[in-house]
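Below is one structure, written out as structure tokens; the observations come after it.
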Amino acid sequence: MKAALLEHAGRIEDKPLRLRDVPEPTPVGTEILIKVGACGVCRSNLHMVEGDWLPATPASFPIIPGHEVVGTVSAVGPSVSHLSVGDRVGVQPIWATCGVCEYCVSGREQLCRKRQITGETRDGGYAEYMLAESAYAYPIPDGLSDTEAAPLFCPGITAYGSVSKAALSPGKKVAVLGVGGVGHMVIQMAALTGADVYAVTRSSVHRAVAEELGAVQSYSPKGEGGSFVADAALDAAIVFAPSDASVAEAMRIVKPGGRIVLGVAQNVGLLDIGDERTVVGSVLGNRQQMRDVLDLAAAGKLRSVHADYPLAEANEVLGMLKAGEIRARAVLVP
Ligand SMILES: [Zn+2]
Ligand SMILES: [Zn+2]
């Protein structure tokens, strides 16, 4: 099979991904083999390819990146009971977890210390075929194409996890800081709770996208594009803009007692305990939350804005992402 293989990390301008012929893997036990129909391109893929992602990531070289994968089951291991050849499925960054630790048994499997990560500790979806663990593969609703569904498997679940931690309900006011691949889904999901959504982004293009997707107001923290939100005006803020300034803005606009959900690793600064704000981190989500995301998309309540490219252009697409030239989500099609 053809795969965009990362043999060693390097600047994306030097095209570190090489399109190679590699042996098609064989599923064992409870694994399945997926013929990949689409794989989303995540900023974390760019970081891993350039060697500035998490320590010891990828786990080894060579590795096939890609963790927003949708395709068709083409073979099943001997112990697979609930999926068959021909089923359409998707895989999220959590490739598998241990199933027995305190996190796995309490609905927080995304925190499992033994988790396997698609495209980082296991080969991912920048390829014609990919192995998956059947218990962590999700049937794709009929109404969704492979390319539409792929971004649900990282931006979608990431957005859902963050909104679930913001304690939203009808009439609450929430800011979403950063309107990229994840942020544009956060806005839609936050609006579905009945909360009033304020989008905060420097880009005028993204402000238009935010209002199209249900934000009641959008503004630039730099002062362009309309009014500011007053100090301590909102119940919650969800931050996906990777800057300390965005976290500072979130702290400014959230009321005492409110919640700030961080989907990016940034400095929080001095926390005024007298205001009793809660700051919480958020990463991905569990399997039931992933199913909820797919149900929302199947019901037409959530849409992903995506653009499709051939797998052979993986380096070029990551280069465009680095240059800020991708509007929402790029999807590779083998
Ligand atoms: Zn991702
Ligand atoms: Zn576990």
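The values are calculated or read from the model by the stated rules, or taken from the named source; none is laboratory data. Remember, predicted model here, so these are calculated numbers, not experimental data. Neighbour counts are summed over all protein chains in view; Cβ atoms, including those assigned to glycine, are modelled from backbone coordinates with ideal geometry. Areas reflect the complete protein model, heavy atoms only, side chains present, ligands, DNA and RNA absent. Shrake-Rupley method; radii C 1.70, N 1.55, O 1.52, S 1.80 Å.
How many residues does the stretch 68-90 hold that are open to solvent by less than 10 Å² (accessible area, probe 1.4 Å) and more than 11 Å from Ile32 (Cα to Cα)?
Of the residues in the stretch 68-90, 5 are open to solvent by less than 10 Å² (accessible area, probe 1.4 Å) and more than 11 Å from Ile32 (Cα to Cα).
Restricting attention to the stretch 86-107, which residues are away from ligand 1 (no atom under 15 Å from the Cβ), small (Gly, Ala, Ser) and over 28 Å from His8 (Cβ atoms)? Explain how you work it out, then say what you get.
Going residue by residue through the stretch 86-107, those that are away from ligand 1 (no atom under 15 Å from the Cβ) are 86-89, 96-107.
Right, trim to small (Gly, Ala, Ser) and you get 86, 96, 99, 106-107.
Within the stretch 86-107, Gly86, Gly99, Ser106, Gly107 meet the criteria.
Go through the stretch 170-194 and give me each residue that's farther than 27 Å from Ala150 by Cβ and open to solvent by 30 Å² or more (accessible area, probe 1.4 Å). Full working, then the answer.
First, pick out the residues of the stretch 170-194 that are farther than 27 Å from Ala150 by Cβ: 170-173, 175, 194.
Passing the criteria: Pro170, Gly171, Lys172, Lys173, Gly194.
Just to be sure before I move on: is Tyr103 of a type in the set (Phe, Trp, Tyr) and either open to solvent by less than 40 Å² (accessible area, probe 1.4 Å) or at pLDDT below 95 (or both) in the structure I sent?
On the way: of a type in the set (Phe, Trp, Tyr): yes; either open to solvent by less than 40 Å² (accessible area, probe 1.4 Å) or at pLDDT below 95 (or both): no.
Answer is no for this residue.
Can you confirm whether the stretch 33-46 contains a residue that is within 13 Å of Arg122 (Cα to Cα) and assigned to a loop (DSSP other than H, G, I, E, B)?
The answer is no, given that none of the residues of the stretch 33-46 is within 13 Å of Arg122 (Cα to Cα) and assigned to a loop (DSSP other than H, G, I, E, B).
Hey, can you tell me all the residues within the stretch 4-31 that are surrounded by 12 or more Cβ atoms within 10 Å (Cβ to Cβ) and assigned to a loop (DSSP other than H, G, I, E, B)?
Glu7, Ala9, Gly10, Arg11, Lys15, Pro16, Val22, Glu24, Pro25, Pro27, Thr30
Suppose we filter the stretch 321-333 for residues that are of a type outside the set (D, E, K, R) and surrounded by fewer than 17 Cβ atoms within 10 Å (Cβ to Cβ); how many remain? Spell out how you get there, then give the answer.
Taking the stretch 321-333 as the starting set, the residues that turn out to be of a type outside the set (D, E, K, R) are 321, 323-324, 326, 328, 330-333.
Remaining after also requiring surrounded by fewer than 17 Cβ atoms within 10 Å (Cβ to Cβ): 323-324, 333.
Residues meeting the conditions: 3.
Can you tell me which of (1) without any contact (Cβ under 8 Å) to a residue 40 or more places away in the chain; (2) over 27 Å from Arg18 (Cβ atoms) is the one Gln116 doesn't meet?
(2)
Out of the residues in the stretch 138-160 that are surrounded by 24 or more Cβ atoms within 10 Å (Cβ to Cβ) and small (Gly, Ala, Ser), which is farthest from Glu313 (Cα to Cα)?
Ala159
Just the residues that are within 15 Å of ligand 1 (Cβ to nearest atom) and either open to solvent by less than 10 Å² (accessible area, probe 1.4 Å) or farther than 19 Å from Ile157 by Cα (or both), please, taken from the stretch 108-129.
Scanning the stretch 108-129 gives Thr118, Gly119, Thr121, Arg122, Gly124, Gly125, Tyr126.
Does Leu284 satisfy the condition of being of a type outside the set (D, E, K, R), modelled with pLDDT of 95 or more and crowded, with 22+ Cβ neighbours inside 10 Å?
Yes, satisfied.
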